[in-house]
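In what follows, a single structure is set out as structure tokens and then discussed.
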Amino acid sequence: METSAPTEFFYRLTPDEILDAVTRLGLEPSGHISQLNSMENRVFDLRLDDGRHIVTKFYRPGRWSREQILEEHAFLADLASDEVPALSPLRIGNETLFEEQGIFFALWPRTGGREPEELSDIDLQILGRLLARLHNTGAGGSMPHRPQFTTQRFLAEPLGELLSRGFLKENFSAEYSALVDEIAAAFDDDATHLPLIRIHGDLHKGNILCGSDGWFLLDFDDSLSGPALQDVWMMFSPEDRAARDTFLAAYREFRDFDEAWLHCAEILRAMRIVHYSGWIARRYEDPAFTAAFPDFASDSYWEEEIRILREITSALKPDSQKNNGNTLSNKDYFFDYDD
């Protein structure tokens with residue numbers, strides 16, 4: 001498959017090209033640069049001559065338009081205005097978005113902090129209130145250029161990628177497609193009533209850090225108009241009900257959260273699983289993806305994915321329609337699109 005000039009530049013970004021791009025903005029990098037962990041974008045830590053560090057994020061070409069990225073930045077600016085601790089891009093000449101050889105990039109402050117391994121009740125209460133404040137801000141604005149959370153985006157489009165690119169083999173395609181149809185029908189039956197607001201969109205523990213100044217959120221690259229539940233369910237495995245209840249009790253101190261919405265959490269989990277496979281298929285020409293996912297689209301990959309989707313769809317059915325003995329998988333699908 002042929003790639004465009006910006007994509008070729010994106011694949012082969014060199015430290016010198018990154019340093020030159022930052023220098024053209026009037027900054028003075030020292031020459032010390034290191035690449036940070038990110039699959040979707042190219043992200044680098046740079047040290048400046050004055051000793052400060054900044055993070056340079058080059059957005060994958062073709063994924064987001066200028067308007068869509070600026071909506072991400074506007075959401076972050078709204079959060080900053082409301083004193084919600086989320087990492088915002090730096091402004092240079094009153095601009096937050098720049099371009100180099102057809103690729104958009106932005107600069108961010110480097111912050112310290114740790115990803116939580118286990119959350120205490122106090123941590124859960126702090127984060128519950130933090131997310132409620134984020135959603136209050138999110139409900140106060142809109143993202144007309146960014147996508148909405150729909151079955152078209154999270155199911156139909158990924159399935160189309162898997163089929164058209166030949167990753168979903170014929171011996172698995174019929175059952176996988178039928179399961180996707182079941183998930184879409186479940187969403188249409190149970191989840192279309194969920195109100196849509198600006199949300200983080202990829203809020204798992206890897207995008208929540210605790211530093212010397214407390215908790216803060218980062219990586220709003222997947223922000224969109226979606227249900228508040230999408231930012232809640234990924235924080236907890238289905239078995240973590242006590243932790244989830246503690247979190248939501250604190251959330252409700254600042255914002256309503258309808259208990260009935262939780263019924264849709266497994267539908268959203270299934271949609272993320274399908275979307276994730278479509279994401280890998282769409283990116284597989286990127287050498288970073290072929291190296292990171294060597295077993296993608298193997299027979300064992302599809303057998304495991306179909307098994308998990310079967311369990312989810314079975315659990316969504318009335319008791320009389322469930323297969324005896326099915327239990328939800330403990331497989332970790334709280335993955336990060338940037339890992």
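How many residues, within segment 42-62, are outside any strand (DSSP E or B) and either within 15 Å of Asp286 (Cα to Cα) or not assigned by TED's automatic domain parsing to the domain that holds Pro15 (or both)? Outline the logic, then answer.
Taking segment 42-62 first, the residues outside any strand (DSSP E or B) are 49-52, 59-62.
With the extra rule that they be either within 15 Å of Asp286 (Cα to Cα) or not assigned by TED's automatic domain parsing to the domain that holds Pro15 (or both), the set shrinks to 59-62.
Counting residues in segment 42-62 that are outside any strand (DSSP E or B) and either within 15 Å of Asp286 (Cα to Cα) or not assigned by TED's automatic domain parsing to the domain that holds Pro15 (or both) gives 4.
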Self-check item: Exclusive hit being farther than 30 Å from Asp286 by Cα, small (Gly, Ala, Ser) and touching a helix residue (DSSP H, G or I) at 6+ places or on another chain (Cβ under 9 Å), set Ala132, Ala106, Ala86
Solution: Ala132
Self-check item: Any pair with Cβ under 8 angstrom, 6 or more apart, that starts in segment 120-143 at a residue that is among the acidic types (Asp, Glu) and ends at one that is crowded, with 18+ Cβ neighbours inside 10 Å and assigned to a helix (DSSP H, G or I)
Solution: Asp121/Thr246
Quiz item: Which ones in segment 205-223 are crowded, with 20+ Cβ neighbours inside 10 Å and either modelled with pLDDT under 90 or of a type in the set (Gly, Ala, Ser) (or both)?
Solution: Ser223
Quiz prompt | Residue selected from segment 224-253 under the condition of a type in the set (Lys, Arg) and either closer than 12 Å to Gln125 by Cβ or in contact with a helix residue (DSSP H, G or I) (Cβ under 9 Å, 6 or more places away or on another chain) (or both), by the criterion modelled with the lowest pLDDT | solution = Arg244
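The values are calculated or read from the model by the stated rules, or taken from the named source; none is laboratory data. Remember, it's a predicted structure, so these values are computed and weren't measured experimentally. Using ideal geometry, Cβ is built from the backbone for each residue, glycine included, and neighbour counts are taken over all protein chains shown.
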